[in-house]
Amino acid sequence: MAKKSRSHGARAVVTGAGSGIGRAFALELARRGGAVVCADINLETAADTVSCIEAAGGRALAVRCDVTVLEQVEALADRAEQWFGAPTSLLVNNAGVGIGGQRIGEFSIEDWRWTVDINQWGMVYGCHVFVPRLRELGEGGVINVCSTASFAAAPLMGPYNMTKAAVLALSETLAAELSETRIGVTALCPTFVKTNIIKDGRLPADASKLSARLMAATGMSPERVVRDTLKALDRGRLYVLPQIDARMIWRAKRLAPRSYQRLAALALRAADRFQ
């Protein structure tokens, strides 16, 4: 008997579904025959995603959810189960924000709290609320959107690096705890993806311009990233590094850590000259 695909016909909840990677996940999961709850702090953009799904003949529901508020994540899970008429089978923990361009000690404490609340606590709340329900269901999947920043530790990205590293550790721990079940865990760790994270993030003007140029030149489409990630989920793979530069950084950090650290220092000096 063929193994059941986690990504086809899923009852999926996608956070940050109003744009970017989240919207791409929602559209692709609907294309694969799933019903999708599109959650976003901006209900209007979530509704736009739902409209796209419905126009293609799919089934979706828009829900406003601030992932930094546990009670709202709990309400999201209840609303999704009610709408599906069955438990959620796939959580795409995607909502996140970008920040960078300053050294540790220069970021404000408010910037740190903003980043930790969304990128870290939002992921914790999603897993805390949905994983017990998945355990009870006995099957399904969790996709946590991390970043190459979770292991690259590039300079001038302290809050972002720290929170994404925490999400990768959360994913690895969760994968170990669910290894004896039929629940898959996949951690997505891309470099640049063509989304609005730079525009909506908190970066100084110079850093924002440089990041936008790099994204335009090297960024992968969110649709391709999503397809690679869902393939990995179906195959039971934990790590997804969709771009060659992400895989090169992963290997360099592990095989030549001291050389990698020197390269990071060079990158900082280059950034200083750019500014």
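The values are calculated or read from the model by the stated rules, or taken from the named source; none is laboratory data. All values reported here derive from a predicted model rather than from experimental measurement. No Cβ is skipped: glycine too gets one built from the backbone with ideal geometry, and neighbour counts run over all protein chains shown.
Below, the figures for the structure above:
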item: Filter pass, Val50 being modelled with pLDDT of 95 or more, of a type in the set (A, V, I, L, M, F, W, C) and either farther than 22 Å from Ser89 by Cα or in a loop (DSSP other than H, G, I, E, B) (or both); result: no
item: Pairs, first farther than 14 Å from Gly184 by Cβ in the range 125-139, second hydroxyl-bearing (Ser, Thr, Tyr), C-beta under 7 Å, six or more apart; result: Gly126/Thr15; Arg133/Thr88
item: Filter pass, Ala75 being crowded, with 17+ Cβ neighbours inside 10 Å, touching a Cys at 6+ places or on another chain (Cβ under 9 Å) and without any contact (Cβ under 8 Å) to a residue 24 or more places away in the chain; result: no
item: Any hit, the range 257-267, residues being under 25 Å from the mean Cα position of the chain (by Cα) and within 25 Å of Ser19 (Cβ to Cβ); result: no
item: Residue, nearest to Thr229 (Cα to Cα), within the range 65-112, restricted to residues that are outside any helix (DSSP H, G or I) and of a type in the set (D, E, K, R); result: Asp66
item: Qualifying residue in the range 110-124 (condition: touching an Asp or Glu at 6+ places or on another chain (Cβ under 8 Å), β-branched (Val, Ile, Thr) and at pLDDT 95 or above); result: no
item: Matching entry among Ala75, Ala86, Ala39 (being over 19 Å from Gly122 (Cβ atoms), modelled with pLDDT of 95 or more and of a type in the set (A, V, I, L, M)); result: Ala86
item: Selection count, the range 29-45, where residues are farther than 20 Å from Ser89 by Cβ and not charged (D, E, K, R); result: 4
item: Residues (of a type outside the set (A, V, I, L, M) and at pLDDT below 95) located in the range 152-182; result: Pro155
item: Test: Arg237 is at pLDDT 90 or above, of a type in the set (Lys, Arg) and part of a helix (DSSP H, G or I); result: no
item: Residues of the range 87-124 classified as buried (at least 24 other Cβ atoms within 10 Å of the Cβ) and free of Cβ contacts under 8 Å to residues at least 40 places away in the same chain, total; result: 0
